[in-house]
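Asks: Provided herewith is a single structure, encoded as structure tokens, for subsequent inquiry.
The values are calculated or read from the model by the stated rules, or taken from the named source; none is laboratory data. Every value quoted in this text rests on a predicted model; they were computed, and no experiment measured them. Positions of Cβ are backbone-derived with ideal geometry, glycine not excepted, and every protein chain shown enters the neighbour counts. Side chains are part of the model used for accessible areas, which takes the heavy atoms of the whole protein and leaves out ligands, DNA and RNA. Shrake-Rupley method; radii C 1.70, N 1.55, O 1.52, S 1.80 Å.
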Amino acid sequence: MKFSVLHPHRHDDPKDHAEVGHTEKQADTVPRPERQAERQADRQTSRDSAQPTGGSAQSDRGPAQSDRTAAQSAGRDSTDPVSRGSDRVIAQSADSPDRVASAVRQVTDDEPDVAREAQALAERFRLRKPRITEHPDLPPVIHQIIVEAQERMNTEMRWYHDLMPDDKNQLNIVAETAVANFVDWYREVKDAIADPATAAPDLPSPRTDEIFFVAPLEFTKSISLNQVVELTRFIVDSMEANVSRFAEPGQEQATRNAMMYYSREVAFSAANVYASSAQARGDWDARLEALTIADLLDGTASHQVASRLNLLGWRSEFACFAIAGTLAHTGDISLSMAHRHVREAVRTLGGECLISEHDDLTVLLIDPRHGDRGMEPDDFMQALLPLFDDSAVCVGPLKDNLSGASYTIRAAVNSRRAAKCLATVPRPMRADDVLPERALLGDDDARRELYENVYQVLRGDDDRNPLLLTLSTFLRSGNALDVTARELNVHPNTVRYRLKRSVEVTGWDPMDPREAYVLLTAIKIGLMLDE
């Protein structure tokens, strides 16, 4: 069977443009929650469950884009039964400047190491062929088989049917390019394939990489690898079912064998392209997460940090809390798997998270209300605690937006540093469980919280407020009611009433030794700051 020869003429030279933008976000956080009576009940529950300490997606960051303008033609034998019979014209020109590195510099605010790494990643994805927008030439019979296969795919494959027309056209070009390359390759190796003595490894390797460079790399973000495999299998099955329509008489089985070998190479090529693309995105996201958490830990809440969060898929307004601890792992591979398990657990509950390793600690920033389920931090802690080792797992308070994210990360990390001062460490340990120790470590947030939420509430507008005077005298006298009453010249019942009132307004009980220490530290800080 002979095929007619088509001579296409390509004249368009499309160019793609990618743009990375920044979104400035300013956010305020509620400086402190009010402690109420239920705060005392929660604290009692935390003490009862205390355990001893043990040992142990998004913005498109487009790849480098290339525009090439040169011509290349290759004659084909029109008498070959499986020949394309066409002259190819492929545009080729010098590479345009790499936009990825400049985008990195904008987003990370002049981070030279990040820029160099991103540029190296971009080099791996530099296009070896221009983006092609015209369908390749195919022999009429094969072209008809592909059209029939595409009509069936539109009926039998829901995801293919739901594609936008432009996306569907681009995907068809990829598939047709694969078939066209097979036709060219088969023409070159058909004699070797027909020889039973020729082993598959001895065959000339088909050029499969260019198939996926027909489309831009954003293609790998909109079409999954599973869908590419399904599409490839569908086309191969259609070609195999109609092999008698285009193969030379007596060469049907040899043609089938060639299709199997070629489709295997296409599958390997697809897996390599998708794996490289995923690794590039994963490396980029991991670096952005690390930079974001490092800046928030340093107290930086600038618009650059907000832009990074936006690139990582976080909303403009969000609630968040932080966790600092050590994940249970034994090496780099197990640590990566632990990170994956954390992300899966958080997303299963409808949240979103950032993960970074900081000074041998794993630091998480979790938005518990990213989805529609509105989960609370305790729900996430119940799911995440089994993923940590036996050392202290510290939880920062729930705060709002960017400044709140900085606050809760600092609180969680400083709580972890202060955990060694406790004889019994709750699991998990809340940041306000170690306010005095955090203050001693130089944590300004802890000092401010003790001053505003405890001392100022007791003092009010009067330096001689009876609540403050009675509580400070009681703590100074070794928690003795009678001694306090004699020193203040009041009845012991008056002391009892004032102490009960202090619990109501601060949430801390002076009759409990640990909470008495918190109150005493707050009073000392208040007296020093008032001076």
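Asks: So, R0 is 30 Å and r is the distance between the beta-carbons of Leu385 and Leu441; what FRET efficiency does that work out to, to 0.05?
Replies: 0.75
Asks: Expected output is a single nm value to one decimal: the length gained when fully extending between Asn272 and Arg343, i.e. 0.36 nm times separation in residues minus the C-alpha distance. What is it?
Replies: 23.1 nm
Asks: Another question, then. Taking H placed 1.01 Å from N in the peptide plane, check which residues at least 5 places from Ala319 or on another chain put their amide H under 5 Å from its amide H.
Replies: Excluding prolines and chain starts, which carry no amide H, the hits are Arg369, Asn401.
Asks: Moving on. Need one number: nm distance between label points at Asp482 and Glu134, each 7 Å from Cα along Cα→Cβ, rounded to one decimal.
Replies: Result: 10.6 nm between the two label points.
Asks: Sticking with this one: Place +1 on the Cβ of every Lys and Arg and -1 on the Cβ of every Asp and Glu in the range 403-531, take the dipole about the Cα centre, and give the residue among Ala412, Leu527, Thr494 whose Cα lies farthest towards its positive end.
Replies: Highest projection toward the positive end goes to Ala412.
Asks: Would you mind giving the three semi-axes, in whole Å and largest first, of the ellipsoid equivalent to the range 409-531 according to its Cα gyration tensor?
Replies: Those come to 27, 16, 11 Å.
Asks: Using Cα centres only, tell me the gap between the range 325-346 and the range 421-462 in whole Å.
Replies: The distance from the Cα centre of the range 325-346 to that of the range 421-462 comes to 31 Å.
Asks: Moving on to the next point. Give me the accessible area per residue for the range 410-531, probe 1.4 Å, as a whole number in Å².
Replies: That works out to 49 Å² for each residue.
Asks: Right, something else. For the range 303-380, compute Rh as the Kirkwood radius over C-alpha pairs and then the Stokes-Einstein diffusion coefficient at 20 °C and 1.002 mPa s; write the answer in µm²/s, rounded to an integer.
Replies: 161 µm²/s
Asks: OK, next. Let me spell out the model: positive unit charges on the Cβ of Lys and Arg, negative unit charges on the Cβ of Asp and Glu, origin at the Cα centre of the range 386-519. What dipole size does that give, in debye rounded to 20?
Replies: The dipole magnitude comes to about 160 debye.
Asks: Compute the FRET efficiency between Glu317 and Val141 as 1/(1 + (r/R0)^6), taking r as their Cβ-Cβ distance and R0 = 60 Å, and round to the nearest 0.05.
Replies: E(calc), rounded to 0.05, equals 0.50.
Asks: I would also like to ask the following. What FRET efficiency do you get for Ala241 and Leu335 if R0 is 51 Å and r is their Cβ-Cβ distance, rounded to the nearest 0.05?
Replies: E(calc), rounded to 0.05, equals 0.60.
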